[in-house]
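Step one of this worksheet: look at the structure below.
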Amino acid sequence: MVRVVADIQTPLGDLNLDAVSCMGSDEAWIASTSKKIFCFDVNECEKKSVAIKGNAVDISVNQRGGLMYSDSINYRVMIVRLGLTKELIKAPTGWMPLGLCCTNLDDILVNMATYDYNNHTIVRYEGQIVKQEIEKDSYGKAFYREGNFILYIAENRNGDICASDGNAKKVVVVNEKGKLKFRYNGSLANRNKEFCPEQITTDSKSQIIVTDQNNDCLHIGSGWTFFTLCR
């Protein structure tokens, strides 16, 4: 059973709400098109904010409470800890960081895209060290479609890496070794318009929860069954 715990009204006005990352059970960091990332609690109170110099395409919170954000203008992943902002990852030449996720083991998953958006990959970092690159299947076919949509990323409790690929209009799920498990195209849930997946997360039951911008709803489920939740 899905139930609404809180409805947080953020005073962002006409600014786009681009990314949300929970911190504990009662606080959330929110990134918008402003030059700040805000932290709100469930009572709609603004707790603090962080000023940034570039742009925050996506955000995530690591296991120690550090706020990370991907900056596609300066081609870096930054981390904010104890009020200080530092460079965490510098993208390789020709690539920029977009989607971002911190794993259960405190690794960092980053969607790297070429400047022309013709290539997308997911890179696993341990600190600044590359541990894994997820780009193609065993037949050499790319997992992710070229295009301007970023890959939003989430990790399941079982280690599966779930990517919301708005370019392909699919959710792509691979296991921890980078082997394809399934693709979901929205067909298992009732919908009126073309499936347009964006932000993605997972819950304690390893269910995938993905937003669908075109249909104003959430798709919730696994590889075998999904349903939609609309307001």
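The values are calculated or read from the model by the stated rules, or taken from the named source; none is laboratory data. Just so we're clear, the structure is a prediction, and the values are computed from it rather than from any experiment. When we count neighbours, we look across all protein chains shown, and the Cβ atoms used for this are built from the backbone with ideal geometry, even at glycine.
Does residue 116 count as surrounded by fewer than 16 Cβ atoms within 10 Å (Cβ to Cβ), under 16 Å from the mean Cα position of the chain (by Cα) and over 24 Å from residue 182 (Cα atoms)? No: the conditions fail for residue 116. Residues that are in contact with a strand residue (DSSP E or B) (Cβ under 6 Å, 6 or more places away or on another chain) and closer than 20 Å to residue 21 by Cα within region 167-206 comprise 171, 197, 198, 199, 200, 201, 202, listed in sequence order. Close contacts from region 203-216, counting a first residue that is modelled with pLDDT under 90 and a second that is in a strand (DSSP E or B), with Cβ to Cβ under 8 Å and a gap of 6+ residues or different chains, come to 203/209; 213/198; 215/228; 215/230; 216/230. What do you reckon, is residue 125 of a type outside the set (D, E, K, R), in contact with an Asp or Glu (Cβ under 7 Å, 6 or more places away or on another chain), assigned to a loop (DSSP other than H, G, I, E, B) and free of Cβ contacts under 8 Å to residues at least 60 places away in the same chain? Taking the combined requirement at face value, the residue does not satisfy it. Among the residues of region 41-63, the ones that are crowded, with 16+ Cβ neighbours inside 10 Å and within 14 Å of residue 106 (Cβ to Cβ) come to 3 in all.
What is the residue count in region 189-206 for residues that are surrounded by 15 or more Cβ atoms within 10 Å (Cβ to Cβ) and either over 14 Å from residue 144 (Cβ atoms) or hydrophobic (A, V, I, L, M, F, W, C) (or both)? The qualifying residues number 9. With respect to residue 66, determine if the residue is modelled with pLDDT of 95 or more and surrounded by 14 or more Cβ atoms within 10 Å (Cβ to Cβ). Against the criterion (modelled with pLDDT of 95 or more and surrounded by 14 or more Cβ atoms within 10 Å (Cβ to Cβ)), residue 66 does not qualify. Scanning region 81-90 for residues that are surrounded by fewer than 19 Cβ atoms within 10 Å (Cβ to Cβ), of a type outside the set (Asp, Glu) and part of a strand (DSSP E or B) turns up 81, 84, 85, 86, 90. Candidates are the residues of region 129-150 that are among the basic types (Lys, Arg) and not in a loop (DSSP other than H, G, I, E, B); the one that is nearest to residue 165 (Cα to Cα) is 136.
Among the candidates 147, 186, the residue that is buried (at least 19 other Cβ atoms within 10 Å of the Cβ) and at positive phi is uniquely 186.
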